Amino acid sequence: FTRSDFKNTAFYVASVVTDSAGRAKVSFALPDNIGEFRIITIGHSKNNFFGAAEKTISVRQEVVVEETFPLIVRRGDDMRVGATVYNNSSQDKSIAVSLDADGLSLSTGQAGTPNDNRQIVTVKAGERQFVTWRTRVDDGKTGEVRYTITAADEKTQKGDRIEKSVVIASVPMIANRL
């Protein structure tokens with residue numbers, strides 16, 4: 001359930017030939033975008049008759065995760081990384097949310113206990129919940145931090161996963177010449 005195929009245009013075909021009744025059928029796979037797509041058709045006949053139609057379709061999942069991650073990180077940064085978990089179903093759900101990352105360490109929790117990368121939250125039907133992790137960018141890490149945030153229904157294991165990366169910015173050297 002990893003979402004990685006994001007497109008602004010879900011499908012395009014320049015020409016479709018209809019049958020003798022003036023009907024045509026096309027099929028396509030939707031990309032992983034969550035939201036709405038407009039379907040627009042424009043047609044014409046050999047006799048110069050024109051027509052157009054438009055319809056909107058919604059693409060939804062029961063469990064959706066949206067990450068909150070800084071756009072820029074530096075080695076040694078201490079930060080909170082978050083995720084908003086949406087329950088678009090008609091039932092309350094127990095959802096497991098996890099953060100996995102290369103180049104990012106989880107900080108200790110309260111009283112020195114480890115801050116687990118996996119949290120279980122109960123999200124009421126039609127609502128959302130925000131979860132966070134205390135993290136630190138590894139001191140020796142260069143290049144980028146790659147991370148995955150996963151949210152899955154504990155009962156059905158259906159859910160959402162986002163994989164992204166962020167560049168580790170280098171600290172600028174400032175020279176003062178007097």
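For the chain, the longest piece that avoids every one of the chymotrypsin sites (Phe, Trp or Tyr not before Pro) found in DSSP loops with at most 11 other C-beta atoms within 10 Å covers 50-178.
Sequentially through segment 72-79, phi angles give Karplus couplings (6.51, -1.76, 1.60; θ = phi - 60°) of 10, 10, 10, 4, x, 4, 9, 7 Hz, Gly and Pro residues having no value and appearing as x. Once the convex hull of all Cα atoms in segment 36-133 is built, its volume per residue stands at 157 Å³. Between S15 and E154, the modelled label-to-label distance comes to 5.8 nm, taking each label 7 Å out from Cα in the direction of the beta carbon. Given R0 = 41 Å, the distance between the Cβ atoms of T142 and I120 translates into a calculated FRET efficiency of 0.75.
To the nearest 20 Debye, how big is the dipole of the chain about its Cα centre, given +1 on the beta carbon of each Lys and Arg and -1 on that of each Asp and Glu?
Values: 24 positive and 22 negative charges, 81 e Å.
Around 400 debye, computed over the chain.
Of all aspartates and glutamates in the structure, the ones whose alpha carbon falls short of 20 Å from that of K25, not counting any fewer than 8 places away in one chain, are E54.
Its Cα centre serving as origin, segment 17-91 has a Cβ charge dipole (Lys and Arg +1, Asp and Glu -1) of approximately 360 debye.
Where the accessible area of segment 10-90 is counted over protein heavy atoms with a 1.4 Å probe, how much of it, in %, is carbon and sulfur? Here carbon and sulfur together make up 50 percent of the probe-accessible area.
Keeping every protein chain present and rolling a 1.4 Å probe, give me the accessible area per residue for segment 2-159 in Å². Write out the running numbers ahead of the final one.
Values: 10750 Å² over 158 residues.
Ligands and nucleic acids excluded, the result is 68 Å² per residue.
If you wrap the tightest convex hull around every Cα atom of the chain and split its volume per residue, you get 210 Å³. Note on K46: aspartates and glutamates with a C-alpha under 17 Å away, same-chain residues under 8 apart excluded, are D19.
Ignoring the sites themselves, what is the longest stretch of the chain with no trypsin sites (Lys or Arg not before Pro) in a DSSP loop and at most 10 other beta-carbon atoms within 10 Å? Write down the numbers at each step before the final one.
Details: sites that count: R23, K25, K46, K155, R177.
By the stated rule (loop sites, at most 10 other Cβ atoms within 10 Å), 47-154.
For K155, the lysines whose Cα falls under 25 Å of its own Cα, not counting residues fewer than eight places away in the same chain, are K93, K124. Taking amide H atoms as placed 1.01 Å from N in the peptide plane, the amide H of V63 lies under 5 Å from those of N88, each 5 or more residues away in sequence or on another chain.
Phi angles across segment 118-128 convert, under the Karplus curve 6.51 cos²θ - 1.76 cosθ + 1.60 with θ = phi - 60°, into 3J(HN,Hα) values of 10, 10, 9, 10, 9, 10, 5, 4, x, 10, 9 Hz, Gly and Pro given as x. Using the Karplus relation 6.51 cos²θ - 1.76 cosθ + 1.60 with θ = phi - 60°, the per-residue 3J(HN,Hα) values for segment 17-23 come to 8, 8, 7, 5, 8, x, 10 Hz, with x marking Gly and Pro.
The values are calculated or read from the model by the stated rules, or taken from the named source; none is laboratory data. Worth saying up front: this structure is predicted, and the values here are computed from it rather than measured. Note that we place each Cβ from the backbone using ideal geometry, even for glycine, and neighbour counts take in every protein chain shown. Heads up: the accessible areas ignore ligands, DNA and RNA and are worked out on the full protein's heavy atoms, side chains in. Shrake-Rupley method; radii C 1.70, N 1.55, O 1.52, S 1.80 Å.
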